[in-house]
Amino acid sequence: MKSDDDITQRRPMDMPLARVPVGDVHVIAERCKECGYCIEYCPTQVLVYTKEMNTKGYHYPIVAEGKETSCVHCKYCDLICPELAIYTTSSDDDRDSDG
Amino acid sequence: MAKTAAKIVPPQPVSRVVTGTHFMLGDHACAEGAMAAGLDFFGGYPITPSTEVAEHLATRLPAVGGKYVQMEDELGSIAAIIGASVAGARSFTATSGPGFSLMMENIGLAAMMEIPIVIVDVMRASPSTGLPTMVGQADILQARWGSHGDYGVVAYCPSSPQECFELTIDAFNAADRYRVPVFILMDEVVGHMAERVVIPDADKIPHVSRKRPQTKPGVEPFLPYAPDKDLVPPMAHAGEGYKVHMTGLTHDERGYPHLTADTHNQLINRLIDKVRLNAPDIIDYEERHVDDAETVVIAYGCTARSARAAVDYARSDGLKCGLLRPKTIWPFPATRIERLINKGSVQRFIVPEVNLGQLRREIERITQLPVVGLNHAGGEMPTPKAILEVIKS
Amino acid sequence: MNTQTDSSFSVVHPIDHLMRADRLPHILCAGCGIGTVIHSYVHAINEFGVDEDRHVCVSGIGCSGRAAGYVNVDSYHTTHGRALPFALGIAVYNPELTVTVISGDGDLMAIGGNHFIHAARRNANLNVICINNFNYGMTGGQVGPTTPVGAKGTTAPQGSVEHPFNLPHLAKAAGASFVARWTVLHVRQFTDAVLRAMNKKGFCFIEVLAPCPTSFGRRNNLGEGLDEVEMYRQRCRIENGAQDLEPLDIDIVDHEQTITVGNFVDIERAAFLA
C-alpha cells in the first residue's frame, strides 16, 4: 500500500522546465480606498498597507520588504480591485504590458 | 356542397407612403403618418382608444423592415422607444390617458437626455379608467406638466383624420429637430372617425433630420451636450464610436453627472428655452373669420369641428364671430392671441372643451377680457348648437 | 525609505481606455463590490475582442446604476427599473450591437421586476448583470426584494419578514438562456461568465453577490467588505450546471448555510428579434 506521502511527492515530468512567472506590482495610490482585498487575497502575501496616506486618507498597498521578487503575476489583485488602483506587469518580458 | 371560391387577398401595401385618397380611421391615419415619416421602431401596449394605431403598425411596420414590439406595459413602451431612439431610430408609441400617466417619468428622462420620441395620446374620458371608449380632452395639462420638474415639450392636436396623418409627420420632424418629446393629443372622436385622407407622393412628405456630430468619432473630441446657437446639441447614436454617456442626472456638456445648482439651473433653462425661443417655428394654428371678430372661439381636436359649424352659423346670422384653432397646443399660440387682443375688436373668448377648463386657463393667463368656458367632463363633445347658444348669449 | 521603486507607482491602469478614467476614483464606498463588478465587466469587453464601439452599457438607478457612468462605451444611465426595456429598444433596433445591462437587485427585481421576467420570457438579446448586495444602498440601507429573511435594514429594524427572490431560479423559470451566480471574490469565473454571455444570443443573466459594508454589512454583523468577501470564501460552493435551482436560496443570517454559485443554465432558444 502506497502512503499519502508518496502521492504528494509526485512531480510533473516537465517540472524543471516550468517557470514561475515574476511580476511587478504597480499601485495608483490616489484611487485606493483601503478595502484590503489585494492584500488579503494575494496568494504570495506580497502586499502590505503603507504607513502613508493618499489624499483621501487611505493607506494604500505597497510591496512588503523582502517580497520584491515574490509576485507571481497572477493578476488577482488587479481583477478584484474595485478601484482599478493596482495591477501587475511581467518582469520576465518588458514588452508584456497587458497588466 | 359547392366549394366556396378562394378569397382573393389583395397584396399588402409594402411601400412606406401609401400615396392616394383613402377613407381612413383617424388612428390608422396617424399610423400612416408615422410610416410616411420614416418610423423605425414602435413599442406599445394595447389601450382603448389608441389600440388601432398599434394594430395597424403591427402589420405595416415589419413589412417595410421596421421593428414592432408589444411591451409588457407602458413603462416598458416608453423606455423601449427612448432606447431605440438613442440608437438612431425614429420611434413611436400610442397610448391613452392611463398609459400616458404611466409614461410620465420617462418623458422627463427623454426631456433631460434630449432624446427625440413621439407619443400619440388618444384621449378618453378620465381620470382613472373613466369612460374608456368615450371621448375626453383632459390630458392637455398632463401633456405639458405631467412629469416632475420643468422641461419643454411640443404637442399637436389634430381635428380630422387628414390632420392625424399630417401632424404625425410634423411631430416626428419636430422631435428630431429640437430633440424633445413630442405628443399628438388626439381624442377618441378624431381617433375613431373615418374620413377622407389624402396621402401625397413620397417626395412631398416633409422630412427634417436630426442634427448629427460634425466631428469624427475617436479622433476629435465630441461634447454630446454642447448646444449650437439654436440651443439644440447634435446627437450621436449608440454604436457609432462616440462613446457618449447620457444620464437623467443633471449633467455637463460632456454628459457627465455634474450635481451643482448652477449646472442644473443652466441646463433646465436651456431645455425650456429650446422650445420657447424656437416657438415661432413650431406653432401652427388655423383661423376662420377672426379679423373683425368680437367673439373668438378657441377650440381644438373634435371640439373644433363643432366650433367651426357654430361660428359659420353665427356669421350667417350676422354675428361677428371667429375661430382660432391651435394645431399646436404646446407651445401655446399666446403671441397670436395677444396680437388679436391688441387689434381691439375682440371682446370675449369662448373656449369649448371636453374637460373642465384646462386650456381656458392658458387664455385667462394672458387676457383681462372675459373667457367663457363651455365644458363637459367627458363622454360627449359639445354640439354646434350648444356652442352657438354661448356665442349668442 | 520604503522598498518601492519609482516604477511601482502609476497613474494609469492598463484597462483605463475602457473606463472614463477622468471620473475615477468613483463615488462608491470603500469595500463596496460594485467597483469590482465594473472592473470585471470592462475586462470582459477587453477579452471579448470585438470593437468596443459596438458595445452598449445601460444602467438603472442606485449605486449599481452608476456603473454606466464609468465605462467608456456608449452608456446610458436611465430611470429606476427601466434599464431593461431601454436596452431592449437599443438591441431590437440595432441587433448588431451587444447590449449589457448592469444594475442592482432593487432596480432590476423590485421596481423593474416586470420588465425582467418579460425580457427573459422573450429571450431578448441582452446580457444582464445584477449586482446583488441585498439592500437599497444608495438610499441608506432599506430592505429589498433580495434581503434574506431575518436580515436587518432601516425599514425592517427587527429583520426582514418577507421571503426574498432566488434570482437564478426566477431567471430560469422566466426563460433565460444563460443563468449564473458568482460573487466578487470569484472574479475570474464571473468575468468568464460575462464573456460567455457576450458571445451568446438571447437573455443571459448573471447574479453577482457584492458586499455593501456601509448600508448592509454594518447592520447585519457582516463587518467590513473584506469580512463579507471572506464569508463568501468560506460559505460558497461551486456547482456548475446545477439542475434544481429552487433550493439555492441565500441565507445570510445562518452562517452554517452554504451559498451555491456557478454557471447553472446554458440552453439554446431562439432570441427575440436578434
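Numbers below:
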read-out	value
Spacing of the two label points (7 Å from each Cα toward its C-beta) at B:Ile272 and C:Phe9, in nm	4.9
Projected-area mean, region B:221-342, by convex hull of Cα positions, square nanometres	10.9
Taking only Cα atoms of region B:286-392, radius of gyration then Dmax in Å	12.4, 37
Counting DSSP beta bridges with both ends in chain C, the antiparallel % (nearest 5)	20
Order of B:His245, B:His56 - criterion: other Cβ atoms within 10 Å of each residue's Cβ, fewest first	B:His56, B:His245
Region A:62-75 - phi-based ³J(HN,Hα) in whole Hz, Karplus 6.51/-1.76/1.60, Gly and Pro as x	9, 6, 5, 4, x, 10, 4, 10, 8, 5, 9, 6, 7, 6
Exposure proxy ranking, count of Cβ atoms within 10 Å, fewest first, for A:Thr50, A:Thr89, C:Thr100	A:Thr50, A:Thr89, C:Thr100
Theoretical gain in end-to-end length, C:Ile238 to C:Gln158 [0.36 nm per residue, Cα-Cα removed]	25.6 nm
For region B:138-263: relative contact order, % (alpha-carbon pairs under 8 angstrom, 6 or more apart)	18
Per residue convex hull volume, Cα atoms of region C:15-266, in Å³	106
Within region B:20-204, percent of DSSP bridges classed antiparallel, to nearest 5	30
Student exercise, chain B dipole from Lys, Arg, Asp, Glu Cβ charges, in Debye to nearest 20	420
Cα gyration tensor, region C:18-84 - rounded (a/c under 1.5), prolate or oblate	oblate
Computed FRET value (nearest 0.05) for A:Thr69 with B:Tyr256, which takes r as the C-beta separation and R₀ as 41 Å	0.50
Convex hull (Cα only) mean projected area of region C:170-274, reported in nm² to one decimal	7.2
Sites B:Gln214 and B:Glu364, calculated FRET efficiency, Cβ-Cβ separation with R0 45 Å, nearest 0.05	0.50
Farthest positive-ward along region B:286-392 dipole, Cα basis, beta-carbon charges - from B:His376, B:Ser316, B:Thr335	B:Thr335
For chain B, Kirkwood radius (reciprocal of mean inverse C-alpha pair distance, Å)	21.8
Local net charge near B:Ala202, Cβ-Cβ under 14 Å (Lys/Arg +1, Asp/Glu -1)	-1
Percent breakdown of C-alpha pair distances by 10 Å bin, ordered from the shortest bin, for region A:23-90	25, 59, 17, 0
Partnerless cysteines, meaning none of the other Cys C-beta atoms lie under 4.7 Å away, in chain B	B:Cys157, B:Cys302, B:Cys321
Net charge over other residues, Cβ less than 10 angstrom from the Cβ of B:Tyr45 (K, R count +1; D, E count -1)	-3
Proximal charge balance of B:His245 [Cβ under 15 Å; K/R count +1, D/E count -1]	-3
Beta bridge orientation in the protein assembly as shown: antiparallel %, DSSP, nearest 5	30
All aspartates and glutamates inside 18 Å of C:Lys200 as judged from Cα atoms, apart from same-chain residues fewer than 8 positions distant	C:Glu47, C:Asp51, C:Glu52, C:Glu96, C:Asp192, C:Asp266, C:Glu268
Principal axes of the protein assembly as shown: Cα extent on each, largest first, Å	117, 80, 55
Reduced Cα scattering model of region B:20-204, Debye log10 I(q)/I(0), q = 0.10, 0.11, 0.15, 0.16 Å⁻¹	-0.32, -0.39, -0.75, -0.87
DSSP H segments from chain C that extend 20 Å or more along their own axis, Cα-based, with Kyte-Doolittle mean of -1.0 or above	C:34-48
Residue-by-residue Karplus 3J(HN,Hα) for region B:291-300, coefficients 6.51, -1.76, 1.60, Hz, glycine and proline x	4, 10, 5, 8, 10, 10, 8, 10, 8, 8
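Where a number appears in this text, it was derived from the coordinates with a stated rule and is not lab data. All figures in this text were calculated on a predicted structure; none of them were measured in a lab. Note that we place each Cβ from the backbone using ideal geometry, even for glycine, and neighbour counts take in every protein chain shown.
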